[in-house]
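The values are calculated or read from the model by the stated rules, or taken from the named source; none is laboratory data. Nothing here was measured: the structure is a model prediction, and the numbers come from that model. Cβ: placed from backbone, ideal geometry, glycine included. Neighbour counts: every protein chain shown.
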């Protein structure tokens, strides 16, 4: 028979990510399902493999679809119902165009020679920049499904490309999906920041990866399912000494241990040069990206609303670059204070009062490799606790932690969200001091007394 073939595979054991076929056939994936559709109706089979390695149990289903009909899409909103096993080809105006595609569950859309878009089980909405002149939408299910395409004039931006020196930044107004193309970077690690997102990385070597810290490898396509809000992606490499955002030549503002700085423009460069180790606290009303350089160690923090930064300066120095989000501008006053960590020992530490958005830090020393228990007692459950090593690298979060720590100095910081009421907090440590194995003084006196009587 003739017509396009649609292949769907599912993992019986719910093993992750099983693509149905290799290019040039169009393919879309989810954590336990995948779909592929042939481009020209000539396919006779599919190649199935485990995208995460190892053995898989899989079910493969092939659906023969009727030849799709053709319709002319107009500028603006176009909606259609696709019948069971039916398809519809949309031809677009000749001018360059962007698309906003919305699919009900099960529907599969495809641009010739490009990617596939899949409604899967819950539907999808995706922005497609500089789309091709045609798109075909198939319904491999037994139920009629609705879809819509909004045709828009092409934006100047074009397709999104992520490289080591070109991060991806976006402030999304609503939920949807975008695709970001990654160039090969064999020593690169993909880093992500923001809320309400889930990413799937379709690598060119056939691997399909999910998570927060992903090896870039040979390059591929990053599919970002997002909610409203900020999303940022960048690539870390061992040689990226200046971080992913190239430094703008701005005159640095030298800050004192207690200071205020007016923020304006797209970027601000702050410089701390203290003569002692300190915890630097920076508070500002503006959202921003902070790129923190401490002796060549780069740390990136993204603040979507107001800014609360707590930065440990082991030698008292840092270069802090503050960048406005998504081509906006910085505004407001940055308030800078510094504190010296409070020394902690075995048992309960001192009580502190945390103000809204405030933080306090503590330090302790581990003499030999040991299991160390860390606890925080607070008058309300809004307190966050973070354990750091002496260089300022985070080791763990939580009000109750058990960590095996090597000899050295460590920091414990307590932070209260900006929308909370003042809270009392008290840290405690267990295991930093070895228990005393000598007998109690009373027992010693008893033995001495017994020895005297027997002489």
Among the residues of the stretch 363-383, write down those that are under 14 Å from residue 411 (Cα atoms) and surrounded by fewer than 20 Cβ atoms within 10 Å (Cβ to Cβ).
-> 363, 365, 366, 372, 373, 375, 376
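Conditions (1) under 25 Å from residue 115 (Cα atoms); (2) in the same structural domain as residue 304 (by TED's automatic domain parsing); (3) under 15 Å from the mean Cα position of the chain (by Cα); (4) touching a residue at least 24 places away in the same chain (Cβ under 8 Å), marked per residue:
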{"site": "176", "(1), (2), (3), (4)": "yes, no, no, yes"}
{"site": "194", "(1), (2), (3), (4)": "no, no, yes, yes"}
{"site": "206", "(1), (2), (3), (4)": "yes, no, no, yes"}
{"site": "216", "(1), (2), (3), (4)": "yes, no, yes, yes"}
Single match in 270, 353, 280 (criterion: modelled with pLDDT of 95 or more, part of a strand (DSSP E or B) and under 27 Å from residue 405 (Cβ atoms)) | 280
The condition from (1) surrounded by 16 or more Cβ atoms within 10 Å (Cβ to Cβ); (2) at pLDDT 90 or above; (3) under 17 Å from residue 232 (Cα atoms) that residue 304 misses is numbered (2)
Of those in the stretch 105-129 that are surrounded by fewer than 23 Cβ atoms within 10 Å (Cβ to Cβ) and more than 27 Å from the chain's Cα centre (by Cα), the residue nearest to residue 170 (Cα to Cα) is 111
Is it the case that some residue within the stretch 272-289 is under 30 Å from residue 187 (Cβ atoms) and touching a helix residue (DSSP H, G or I) at 6+ places or on another chain (Cβ under 9 Å)?
-> yes
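Do you know which residues across the stretch 312-322 are part of a strand (DSSP E or B) and surrounded by fewer than 20 Cβ atoms within 10 Å (Cβ to Cβ)? Full working, then the answer.
Step one: of the stretch 312-322, the residues part of a strand (DSSP E or B) are 312-313, 317-322.
Once the filter is applied, which keeps residues that are part of a strand (DSSP E or B) and surrounded by fewer than 20 Cβ atoms within 10 Å (Cβ to Cβ), the stretch 312-322 yields 317, 319.
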